[in-house]
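Novice: One structure, as structure tokens, below. Some questions next.
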Amino acid sequence: ERGGGGGGDGGGGGGNWSYTLRFNASNVPSTRRLFDRFATGRSRRFEPYYSSGFLSLQHALNDAILARETGGALRPPSAYGVPFPVPAYQHSVFFDFAGNLIGILAIFSLLVPLSSLLRSVVLEREQRLKEQLLIMGTAPPAYYTSLLATSAAAFLLISAVCAAEIGLSCYTHSDGVLVLLLF
């Protein structure tokens, strides 16, 4: 459709053009999100624009309007495009294959100290070490603090190793303290 006349186009045509392309909504991707947050590399969500003919038809109409307004010859359409915006990324092929196993690796690294902690609690109950320490005059807060300190030291060491390994490989742009708190 041709809009009302007006200046500002710089050419000899003197008109403002507007048109609307109507397509089936299932043939073109949604434009509600700026970019695909979970794509590894360049997202492939923009490809339906090419396969639906949207860009080709839009480019052909723009070329026809420009040729009519400027009096130039109509060229064959040559549509190309790049998805925009594309956030910066580094692609690691290793994490494409092993990325799903990082969580299992972190769980397994915490299973060994957890099992040893449970084993020590069971052995302590069997040998009645708590009662013997209380008979000898140890205060209950000191006893529980010692249990907490030894367990926390083991888990903190393992968490620091896991956070360093994953923080330097997966979460390179994240704060190290936050990665440590993840564990």
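The values are calculated or read from the model by the stated rules, or taken from the named source; none is laboratory data. Everything numeric here is computed off the predicted structure, so don't read it as measured data. Note: areas computed on protein heavy atoms with side chains; ligands, DNA, RNA excluded. Shrake-Rupley method; radii C 1.70, N 1.55, O 1.52, S 1.80 Å.
Novice: Can you give the accessible area per residue of region 83-183, in Å², using a 1.4 Å probe?
Specialist: It amounts to 78 Å² per residue over region 83-183.
Novice: Sticking with this structure for a sec: Can you sort Arg125, Arg119 by 1.4 Å-probe accessible area, starting with the largest?
Specialist: Arg125, Arg119
Novice: Ser43's amide H: which non-local residues (gap 5+, or another chain) put their own amide H closer than 5 Å, with H modeled 1.01 Å from N in plane and none for Pro or chain starts?
Specialist: Placed amide hydrogens put nothing under 5 Å from Ser43.
Novice: Something else about it: Going by the alpha-carbon gyration tensor, a ≥ b ≥ c the square roots of its eigenvalues, is region 119-167 rounded (a/c under 1.5) or, if a/c is not under 1.5, prolate (a/b greater than b/c) versus oblate?
Specialist: Oblate is the answer for region 119-167, as a/c is 1.5 or above yet b/c matches or exceeds a/b.
Novice: Show the residues, 5+ positions off or on another chain, whose built amide H is closer than 5 Å to the amide H of Asn16.
Specialist: Gly3, Gly6
Novice: Separate question: Give, in whole angstrom and from largest to smallest, the semi-axes √(5λ) of the equivalent ellipsoid of region 87-176, with λ running over the eigenvalues of the Cα gyration tensor.
Specialist: Over the Cα atoms of region 87-176, the semi-axes work out to 41, 15, 6 Å.
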